Amino acid sequence: MTLNYIWIGFILVAFVVALCKLIFTGDTDVFTQIVLSTFDSAKMGFEISIGLTGVLSLWLGLMKIGERAGLVAVFARLASPVFSKLFPELPKDHPATGSIFMNFSANMLGLDNAATPIGLQAMQQLQELNPHRDRASNSMIMFLCINASGLTLVPITIMMYRAQLGASNPADIFLPILLTTFISTLVAIVSVCIMQKINLFQRNLLLFFGGMILFIGGLMWMFHCMSKEAVELYSTLFANVLLFTIICGFLIAGFVKKLNVYDAFIEGAKEGFRTAVKIVPYLVAIFLAIGVFRASGAMDFFIGGVRSLVVAVGWDADFVGALPTMLMKPLSGSSSRGMMLDAMATYGADSFVGRLSCVAQGSVDTAFYVAAVYYGSVAIRNTRYTIPCALVADLAGAIAAILMTYLFFSNIV
């Protein structure tokens, strides 16, 4: 029901704001812009789903090979000590565990094109275990909230944009993003564990979080010792080599198991095509709400109000320029990316606002988009407390992004 209220709220707020602009400022163009945005939003939702069709067909085809070759089961056993605590409803060595593990791994390496189809595969497997077909299960909520928190170890896309816009050191936002996204993911896990009454002080969980802290610390130290050119080169190289190694590993495992690899791939690809068709209405709906909210000027009013409030209480208002990116990130990845690029173009790639926009963009994922796509693929309508927990993680990510940017770049004028 949460998405239902939010969806209605966005559209009604947009109507009220537009009506006020028409009556009090004489803006006769605002409703035209809103209506045009509805057509653009419908087109965008359809085009994104079409763009996902090929990627979904590719990766679900490969996943079908890995599943029949037994590799997914191997990943499930590797992740079982931790996932059995975070996902207590999952049966031991269930295929969903392996899919979830691979989805998280792809996300951490910034491999969005691989992460999404694998995540949709995981949702379909979780739906098979779900006793309430239109209501999100506890495992689905945990999985989606961790996805929405956007844990990424190598933000190569953002570094690429910074390089294109003339940043002196495109990789200087690496450490702030790494720390920020770790905080947002930790908050997502803790918030869902509280809602589901999962004991956070279990031995396996403490070892896992401790290991993650040591791993991230080691990674930070390694990249700190490397030049910016080396960071960009090796992070991209490592991600792509690992990705193609996984593809070849699936094919070799299928061949060793004497599977008809081609037929298995085709069967999985057909599932990918059907999944892409399913999510079209959900994408159109969520982009419609976001589009009219922006076109009405409601977003601009909100940001202006925040700036006035921050100045009134005597705080530093430098961060307000990056608020559009932070506010759009939970709603739309493409919109927030546009806001980030606009901030760098307006203020400069090496400005405080430019860097903060990059850190905010890389610290969390698009909660509403992820919910629409993942839940839409299995026709879940009652999302329970998914959105509140995801937004808590997004808020933690936004606050951490501001603090980290001040910590690392506060001397920028």
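The values are calculated or read from the model by the stated rules, or taken from the named source; none is laboratory data. Since we're looking at a predicted model, the values are computed, not measured. Backbone-built Cβ (ideal geometry, glycine too); neighbour counts: all protein chains shown. These area figures cover heavy atoms from the full protein model, side chains too; ligands, DNA and RNA do not enter into them. Shrake-Rupley method; radii C 1.70, N 1.55, O 1.52, S 1.80 Å.
Across the range 11-26, what is the total count of residues that are touching a residue at least 40 places away in the same chain (Cβ under 8 Å) and open to solvent by 40 Å² or more (accessible area, probe 1.4 Å)?
Here the count works out to 4.
Give the residue that is modelled with the highest pLDDT, with candidates limited to residues of the range 320-335 that are under 20 Å from Leu165 (Cα atoms) and surrounded by fewer than 23 Cβ atoms within 10 Å (Cβ to Cβ).
This residue is Gly321.
What are the residues in the range 137-187 that are surrounded by 22 or more Cβ atoms within 10 Å (Cβ to Cβ), farther than 18 Å from Gly217 by Cβ, of a type in the set (S, T, N, Q) and at pLDDT below 90, if any?
Those that are surrounded by 22 or more Cβ atoms within 10 Å (Cβ to Cβ), farther than 18 Å from Gly217 by Cβ, of a type in the set (S, T, N, Q) and at pLDDT below 90: Asn147, Ser149.
Conditions (1) under 25 Å from Asn130 (Cβ atoms); (2) buried (at least 22 other Cβ atoms within 10 Å of the Cβ), marked per residue:
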residue	(1), (2)
Thr32	no, no
Leu71	yes, no
Phe87	yes, yes
Phe101	yes, yes
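Looking only at residues in the range 306-319 that are free of Cβ contacts under 8 Å to residues at least 60 places away in the same chain and open to solvent by less than 60 Å² (accessible area, probe 1.4 Å), which one is farthest from Asp342 (Cα to Cα)?
So, considering only residues that are free of Cβ contacts under 8 Å to residues at least 60 places away in the same chain and open to solvent by less than 60 Å² (accessible area, probe 1.4 Å), the one farthest from Asp342 (Cα to Cα) is Val310.
Taking the range 344-369 only, how many residues are among the charged types (D, E, K, R) and more than 20 Å from the chain's Cα centre (by Cα)?
Matching residues across the range 344-369 total 1.
Tally the residues that are charged (D, E, K, R), surrounded by fewer than 19 Cβ atoms within 10 Å (Cβ to Cβ) and closer than 21 Å to Ile11 by Cβ, restricting the search to the range 250-305.
Of the residues in that region, 1 qualify.
Name the residue, out of Ile290, Ile266, that is in contact with a helix residue (DSSP H, G or I) (Cβ under 9 Å, 6 or more places away or on another chain), within 30 Å of Ile402 (Cβ to Cβ) and either modelled with pLDDT of 80 or more or not in a loop (DSSP other than H, G, I, E, B) (or both).
Details: Ile266 fails: within 30 Å of Ile402 (Cβ to Cβ).
Within the list Ile290, Ile266, the selection yields Ile290.
Condition first: over 18 Å from Phe301 (Cα atoms) and free of Cβ contacts under 8 Å to residues at least 40 places away in the same chain. Now tell me which residues in the range 323-336 satisfy that.
Gly333
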